[in-house]
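Here is the structure we will look at.
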Amino acid sequence: MKNLGRTQMALAGLALGAFTLLAVNLFSHTLLTGARLDLTADRLFTLSDGTRTVLKSLQEPLTARLYFSKILGERSARHGQYYGRVRELLERYSQLSGGRLKLELYDPEPFSDAEDRAVAAGLQGVPVTESGDSGYFGLVVVSSTDLEGSIPFFNLERENFVEYDLTKLIYTVANPKKKTVGLLSTLPIDGKGADGMMGAKRRWAIMDQIREFFEVREIPIDANEIPKEVDTLMVVHPKGLSDITLYAIDQFVLRGGSLLAFVDPNAELEGSGPPELQVMPNDKLEFNRLLESWGLRLTLGKVAGDLEAALRISKDDDPRRPQTIDHVAWLGLGKANLDAADIVVGDIEKLHMPTPGILEILEGSGLQATPVLTTGLRSMAIDTAKVQGESPDLPALLRGFKPEGRKLVLAARVAGSPKTAFKDGKPAYKESERDKAGKPTQAAAGPQLMEAAKPANLLVVADADMLFDAFWVQTRTFFGQKVQVPLADNGAFVVNALDVLSGSDALVGLRARGRTDRPFTLVDDIRKQAETHFRAKEEELQAKLKALQDRLAQLQKKGKDGPEAAAMVTPEDKTAIAQSRSEMVAVRQELRAVQRELRRDIESLEARLKFINIAGLPLLLGLGTLVLWIVRRRRKEA
Amino acid sequence: MRNVAVIAKRELRSYFSTPLALVFIVIFLALTGAFPFYLGGFFAKGQANLEGFFGFHPWLYLLLVPALAMRLWAEERKTGTIELLMTLPISTAEAVLGKFLAAWAFAGVALALTFPMWITVNVLGDPDNGVVVASYLGSFLMAGAFLAIGSCLSAVTKNQVIAFIVAATACFLFTMSGMELVLNFFRAWAPDALVETIASLSFLTHFTSVTKGVIDIRDLVFFVSTIAFWLFATAVAVELKKSV
């Protein structure tokens, strides 16, 4: 009887314990949100100052409606987890906004009112059940004046950027005015004349995309002032700009305007511009004067080549034998070439850059220039002359390629407070420089800014051709509708860049902080070293091979010069031919051996690491125990 | 508290008096080393992180920790040394805690001996070491939770093999409970609240959340409260059996 009582007591105790366990966890789950220690290097789980500023500066009340179909969470645990994160983030946002941001949660079940509203707000449903029911996971933010914006679907791939996306959405709903982009271009990027008219130039696809998000204002290439309304100035292939215009851009930047520049040492499309702009090869770029004051310089007369990023193009000089060949100066950039931490390129997968230039980051400018796009390590600066013309000698380019083992900068972001490039005052009035109307141009009136009042926000890209349709987009007509199918993300890149540049400072500071790519640098180094070693040897062997081939050809030619000449082929010549042939085989074998060598170092590193990690400590422990055991035995015996 | 330390020391010493400890550590190290390389594609992926390494820990613990825990009480009962232990002037709670801490420290040593992996990844590239620290902590906490379950189930039986099998099963359930496979089974008939509760008890969910590099107080509360509950259950079991 006593035992039974004890057992019952014990069971009751256990039940109570289990109940406490559940209660404690339920309590902590709902109440202890946000109490966490963020150990990640990039502080991925801590809200940035940018978000705080945006939330604190909210003037009007906003309502955030978060839609999440429970069924989606049931089908995909990852979405369920992501939803938890988004919801907690928004709850935190709501706290930080001081009540100005209200959060509402909805589960849009199939055929419910909530689903109808989700669809009406433009949310994207994904099929989750066999019967085709849709699952939703999106956000709609509505202002008191019925302005709204949405994230149609929270894509798992953008999880690292979720804070940026949320903050930007709230920011745009709270500040609905479209930003103005000033376009200063020497290329006919925005089209000229009406469609269908003689001599009319079609607007490039890139401008269609930009106009979707921005007010575009064209700035003449001889402007002496950038209008005040311009938030971001987009400069495309600034060639032959006068000092007066350069000065205008300089002052615009010092005033705190942001700038996106596409400079190019070799614009393939130059011919399509107005004839007066077709200046001879770019041995001089006036724009470098500005770039230098920002701590950058475009290397003139050189384009960047990259073996790994080379685009494979078809070579049609012989139509009977279509061939593909790597164009080492037409680059297809991938994740490895982008600074994944930069929001501008954060979700870019692929960029095409035909004959991009090389930016040099100048030391001691006091500004902070960060590469955004770079080549890989197997890159080289190529003379512009070698890639110009209708059909450059691609095989020769490939043969003459000597990797320099460094990453060439193709685009860079500049932050900091630049000083003027016109230290000696405004550029002087020049009689020779007249604008189209014949009036002499003059620098804008007003005092000159010598130093930036606000931190500058600049992105310089060393390629202008990347904007042209043919390099990144195919426009198809589909039942009378124009459909643009991008081949590369050049368009997204430009719109992203304008977006980030023209956003508030707070928004710009909100860089995607998720660095997902952390490569084995040691392996890369080994590969690089082996490669340099291999290239030298390869070249030596190639030269040898070539000499042998020449000799062989010579000997054989002697034999072909007619029957009597054939008789002239002496037995010595015959043995020489045979010898040359066998030597060639030997050289080829050697070449292959060198190539194999390349991979051996890395393989042996892997094998070593495997051994150390799997067997290393167990062996040491076993050995230690053995020694201990022997020592003890000896002691016992003694 | 002193009694706890005494018990823990006695227990730890007993681990090393047999080759069991060595065998356990060697198997653990060999497997934690081999899995990321051969199954996780650690080298082929070329990424300087330990995701692949820590990802296997729950599954390794599933087999190894019950093996470590099975002898905690079952052996004492089988050999009768439990009578001796209970005659000592210490409380059941102290004995339970002492034994658990010894086993946990032992698991900690085994885990710490995987340090070559950490060095490896730092030599190869530039990993986020904050994430690695968090992951180690998460792994250690999870090992503690597994051990606490094992300790309780070892206290209910004399047979170590049974203790092992039951503990492994229980740990398996706790690991799996966050998985869709399991939850869908419950969803068909159980109320949502129950399903949520089951999901929230999953070791795997809490562990993966920590291995992202952020130590959420809720994950901490979960592991600590789980350990506390199972140790309490151990004490109850030991008490009950004592009187039988």
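I'd like the FRET efficiency for B:Trp59 and A:Ala536, computed as 1/(1 + (r/R0)^6) with the beta carbon distance as r and R0 of 45 Å, rounded to 0.05.
0.40
Could you pull out every one of the aspartates and glutamates with an alpha carbon less than 12 Å from that of A:Lys426, ignoring same-chain neighbours closer than 8 positions?
A:Asp243, A:Asp250
Reachable aspartates and glutamates from A:Lys546, Cα under 15 Å, same-chain residues fewer than 8 places away excluded?
In chain and number order, the partners are A:Glu538, A:Glu583, A:Glu590.
If you take each beta carbon of peptide B:183-196 and count the beta carbons of other chains within 10 angstrom, what is the mean? Before the final figure, lay out each step's value.
Details: counts 4, 2, 0, 0, 1, 0, 0, 0, 0, 1, 1, 0, 1, 2.
The mean count of partner-chain Cβ atoms within 10 Å per residue comes to 1.
With unit charges on the beta carbons (Lys and Arg positive, Asp and Glu negative) and the dipole taken about the Cα centre of the protein assembly as shown, which residue among B:Val6, A:Gly99, A:Gly17 sits farthest to the positive side?
B:Val6
How big is the antiparallel share of DSSP beta bridges in the stretch A:125-254, given as a percent to the nearest 5?
45
Expressed as a rounded percentage, what relative contact order does the stretch A:51-108 have, with Cα pairs under 8 Å and six or more residues apart?
Over the stretch A:51-108, the number comes to 56 percent.
Could you pull out every residue, at least 5 positions away or on a different chain, whose amide H is within less than 5 Å of the one on A:Leu296? Hs are placed 1.01 Å off N in the peptide plane, and Pro or chain starts have none.
Close amide H contacts, sequence-distant or interchain: A:Leu362.
Relative to the present Cα-Cα distance, how much length would full extension add between A:Lys102 and A:Thr625 at 0.36 nm per residue of separation?
Working: separation 523, 0.36 × 523 = 188.28 nm, distance 6.46 nm.
Extra length from A:Lys102 to A:Thr625 when fully extended: 181.8 nm.
Which stretch or stretches of the stretch A:325-339 have amide N atoms under 19 Å from the point lying 7 Å from A:Leu398's Cα along the Cα→Cβ direction?
A:325-333
Once Lys and Arg get +1 and Asp and Glu get -1 on their Cβ, which of B:Leu201, A:Leu139, B:Ala148 lies farthest toward the positive end of the dipole of the protein assembly as shown?
Comparing the listed Cα positions along the dipole, B:Ala148 ranks first.
With label points built 7 Å along Cα→Cβ from the Cα atoms of A:Ala23 and A:Phe111, find their separation and express it in nm.
4.3
Report the local net charge at A:Leu626: Lys and Arg +1, Asp and Glu -1, summed over other residues whose C-beta lies under 14 Å from its C-beta.
That works out to +3.
May I ask for the accessible area buried between chains A and B, both sides summed, probe 1.4 Å, to the nearest 100 Å²? Write down the numbers at each step before the final one.
Working: alone 35900 and 12430 Å², together 43700 Å².
Accessible area lost upon association: around 4600 Å².
Test of understanding: what is the full-extension gain from A:Glu572 to A:Glu130, defined as 0.36 nm times their sequence separation minus their Cα-Cα distance?
Details: separation 442, 0.36 × 442 = 159.12 nm, distance 8.09 nm.
Taking A:Glu572 through A:Glu130 to full extension adds about 151.0 nm, to one decimal.
Using only the Cα atoms of the stretch B:80-204, what are the Rg and Dmax in Å?
Values for the stretch B:80-204 (Cα only, Rg and Dmax): 19.0, 56 Å.
From the square roots a ≥ b ≥ c of the eigenvalues of the alpha-carbon gyration tensor of the stretch A:1-138, which class results: rounded (a/c under 1.5), prolate (a/b over b/c), or oblate?
The shape class here is oblate.
Would you mind checking the pairs A:Lys636/B:Lys78; A:Lys544/A:Lys574; A:Lys70/B:Lys45 and listing those with alpha carbons more than 25 angstrom apart?
Flagged as over cut-off: A:Lys636/B:Lys78; A:Lys70/B:Lys45.
As an exercise, use a Förster radius of 51 Å and the Cβ-Cβ distance of A:Glu157 and A:Ala638 to find the FRET efficiency, rounded to the nearest 0.05.
Details: r = 69 Å, r/R0 = 1.36.
FRET efficiency, A:Glu157 to A:Ala638: 0.15.
Considering only DSSP beta bridges where both residues belong to the protein assembly as shown, give the percentage that are antiparallel (nearest 5).
Taking every DSSP beta bridge within the protein assembly as shown, about 70 percent pair in antiparallel fashion.
Is chain B rounded, prolate or oblate when judged by the Cα gyration tensor, a ≥ b ≥ c being the square roots of its eigenvalues, rounded requiring a/c under 1.5 and prolate requiring a/b larger than b/c?
It is oblate, given that a/c is not under 1.5 and a/b is not larger than b/c.
Between A:Lys546 and A:Arg581, what is the label-point separation in nm under the 7 Å Cα-to-beta-carbon projection?
Label-label distance for A:Arg581 and A:Lys546, simple model: 2.5 nm.
Put a dot 7 Å past each Cα toward the Cβ at A:Lys70 and A:Gln388; how far apart are the dots in nm?
7.0
Please build a GNM for chain B, connecting alpha carbons under 10 Å apart, and tell me which residue among B:Ile165, B:Ile217, B:Ile25 fluctuates the most.
Greatest mean-square fluctuation among the candidates belongs to B:Ile217.
Taking only protein heavy atoms and a 1.4 Å probe, what accessible area per residue, in Å², does the protein assembly as shown have with all protein chains in place?
Result: 50 Å² per residue.
What's the Kirkwood radius of the protein assembly as shown in Å, using all Cα pairs? Each step should come with its number before you reach the end.
Details: mean 1/r = 0.0302 Å⁻¹.
Its Kirkwood hydrodynamic radius stands at 33.1 Å.
The values are calculated or read from the model by the stated rules, or taken from the named source; none is laboratory data. Remember, it's a predicted structure, so these values are computed and weren't measured experimentally. Every residue, glycine as well, gets a Cβ built from its backbone with ideal geometry; the counts of neighbours run over all protein chains shown. The area values use the complete protein model at the heavy-atom level, side chains included, leaving out ligands, DNA and RNA. Shrake-Rupley method; radii C 1.70, N 1.55, O 1.52, S 1.80 Å.
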